[in-house]
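Notes to accompany the following structure.
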Amino acid sequence: MFKKIMKGGHRKPSKSDATDPSLYGFGPSGNRNSGSVSTTNVVVNHASRPGPAASGPNSNWAPGVMMLTPPTGTIEPLPLFRDAPASERQNLFIRKLQICCYQFDFSDTMKSAREKEIKRQTLMELVDVIQSGSGKITETCQEEMIRMISVNIFRGLPPASYENTGQENADPEEDEPYLEPSWPHLQIVYELLLRYVVSSDTDTKISKRYIDHSFVLKLLDLFDSEDPREREYLKTILHRIYGKFMVHRPFIRKAINNIFYRFIYETERHSGVGELLEILGSIINGFALPMKEEHKLFLVRALIPLHKPKSIAIYHQQLSYCITQFVEKDFKLADTVIRGLLKYWPLINCQKEVLFLGELEEVLEATQSAEFQRCMVPLFRQIARCLNSSHFQVSERALFLWNNEHIVGLIAQNRAVILPIIFQALEKNIQSHWNQAVHGLTVNVRKMFIEMDEELFEECERQYTEKEMKAKEVEEQRELAWKRLADVARRVETAW
């Protein structure tokens, strides 16, 4: 059987094949429903259905789809849609889809240049047909179109740059992204899928049979592509699918969750976290109130732990937006979010601390007094440590919190608790911080507290002075004790 498949897969088509209706998907209905279209040179399986494994030297295999490179000279341009009679347009549409199932080697720009251009022009024409909205396409055509799209976009991604070099600790921000060589065709295929999804003529009751859970999962797998152009298209398409196919919404959220879990706890490497978070930002914005427990668990189990990976700088802007959206939707979540930030607060990564402080300010802006009071003690202990950071950007960013009127209002309401916590840090900055800008900002914050409550400030100053004096006495006693021990040691040595 294997030898028969090998021979059949590379047989040169005869002239009679060119007029065979089964070549373009018009064979017996049993073949169409079996999940694959059988032609002399092409076997293509639906993306969401299992199919036979590809074989032969010209095949490129990806799970669930088969991609065959055509023998030289098998592709000829088909008539334009506008030149074809209305009765023949469905047949022509399917024949054009079959041409677009062929795959080409883009590592050599001169190889099969004519065939590549024919495919590109055919894809462009298919996009125009879908975009024009001239009428609903039949279910058969929809199935064939999704099959063709699957053949083109679902493929094995090349190894990431750090896998090629073996540098586990390489900075993802400094990696040169891999640009997909087949993008001239791939871009048009993505455009076709996008136009199909957003088209008002697309009936979700029919299209959900082909854009199913398996199709969505494969789309999500492609978010790990290093090519930013591809991820941008995927982001737009998945967002549109989420909006149009309500039946898929819980599944999409769960699948994104799983990607985040693997990224946080296993690999810490994924190219598309930022794009996925952009989609989620829009989704969170549409959550109804009161918020479901499922959504709160997503915040606690996925979004907050995303602060842990070293590569957070790549996607922090999108992550911060999602976190802030949750707090703005339900202000009672502010305590949970702030304690989560404190849990993952960086110890030695100063640039990461600056990002955390920026996000903290956005969260505090949406925080009400009751939630602020629940977490203010551990929060300002951490802020006090940031104030005394030897890295001037961290210290400066912490002091900028006092430029926010809402945060200053919360601090003023709870100054009796907050000032004693940070007073020592403020005094230490004024006495010994090396950076002049930090010194100036600290003086301004100190004046602000004096204006808020001069009596409280004087009490804190008195306690600080007493504490310093006691610490000085303890230090003197310790030095005296060490001096006595040294004297005893010298006398013993002399005696010996």
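Observations
- Residues of the stretch 218-238 that are open to solvent by 10 Å² or more (accessible area, probe 1.4 Å), within 16 Å of Leu280 (Cα to Cα) and not β-branched (Val, Ile, Thr): Arg231, Glu232, Tyr233, Lys235.
- Test: residue in the stretch 69-78 that is in a strand (DSSP E or B) and either modelled with pLDDT under 85 or surrounded by 14 or more Cβ atoms within 10 Å (Cβ to Cβ) (or both): no
- Among (1) at pLDDT below 95; (2) among the hydroxyl-bearing types (Ser, Thr, Tyr); (3) crowded, with 17+ Cβ neighbours inside 10 Å, the one test that Ser432 misses: (3)
- Filter result for Val394 (touching a Ser or Thr at 6+ places or on another chain (Cβ under 8 Å), over 18 Å from Phe260 (Cβ atoms) and free of Cβ contacts under 8 Å to residues at least 60 places away in the same chain): no
- You will find that of Asp212, Asp203, the residue that is in contact (Cβ under 8 Å) with a residue 40 or more places away in the chain, surrounded by fewer than 18 Cβ atoms within 10 Å (Cβ to Cβ) and closer than 22 Å to Thr140 by Cβ is Asp203 and no other.
- The combined condition, being in a helix (DSSP H, G or I), of a type in the set (Phe, Trp, Tyr) and either over 13 Å from Ile338 (Cβ atoms) or in contact (Cβ under 8 Å) with a residue 60 or more places away in the chain (or both), is not fulfilled by Phe372.
- Identity of the residue in the stretch 95-124, open to solvent by 30 Å² or more (accessible area, probe 1.4 Å) and among the acidic types (Asp, Glu), that ends up farthest from Ile75 (Cα to Cα): Asp108
- Any hit, the stretch 456-463, residues being open to solvent by 70 Å² or more (accessible area, probe 1.4 Å), within 29 Å of Lys352 (Cβ to Cβ) and either within 38 Å of the chain's Cα centre (by Cα) or touching a residue at least 40 places away in the same chain (Cβ under 8 Å) (or both): no
- Residue in the stretch 193-204 that is under 30 Å from Thr109 (Cβ atoms), hydrophobic (A, V, I, L, M, F, W, C) and assigned to a helix (DSSP H, G or I) present: yes
- Residues in the stretch 251-264 that are open to solvent by 50 Å² or more (accessible area, probe 1.4 Å) and either in contact (Cβ under 8 Å) with a residue 40 or more places away in the chain or in contact with a Phe, Trp or Tyr (Cβ under 8 Å, 6 or more places away or on another chain) (or both): 1 in all.
- Test result for Lys470, modelled with pLDDT of 95 or more and either open to solvent by 70 Å² or more (accessible area, probe 1.4 Å) or of a type in the set (Asp, Glu) (or both): no
- Within the stretch 117-160, tally of residues that are touching a Lys or Arg at 6+ places or on another chain (Cβ under 7 Å), at pLDDT 90 or above and not in a helix (DSSP H, G or I): 1
- Criterion (assigned to a loop (DSSP other than H, G, I, E, B), open to solvent by less than 10 Å² (accessible area, probe 1.4 Å), closer than 30 Å to Ser271 by Cβ and in contact (Cβ under 8 Å) with a residue 24 or more places away in the chain) met by exactly one of Pro309, Pro305: Pro309
- Pairs with Cβ under 8 Å, 6+ apart, first in the stretch 107-127 and in contact (Cβ under 8 Å) with a residue 24 or more places away in the chain, second open to solvent by less than 20 Å² (accessible area, probe 1.4 Å) and basic (Lys, Arg): Thr122/Lys96; Glu125/Lys96; Leu126/Lys96
- For the stretch 80-94, the tally of residues that are open to solvent by less than 70 Å² (accessible area, probe 1.4 Å) and either under 38 Å from the mean Cα position of the chain (by Cα) or without any contact (Cβ under 8 Å) to a residue 40 or more places away in the chain (or both) stands at 4.
The values are calculated or read from the model by the stated rules, or taken from the named source; none is laboratory data. The structure presented is a predicted model; accordingly, all values stated were derived computationally and were not measured. Glycine gets a Cβ as well: all are built from the backbone with ideal geometry, and neighbour counts include every protein chain shown. Each accessible area value is taken on the protein alone, full model and side chains, heavy atoms only, with ligands, DNA and RNA left out. Shrake-Rupley method; radii C 1.70, N 1.55, O 1.52, S 1.80 Å.
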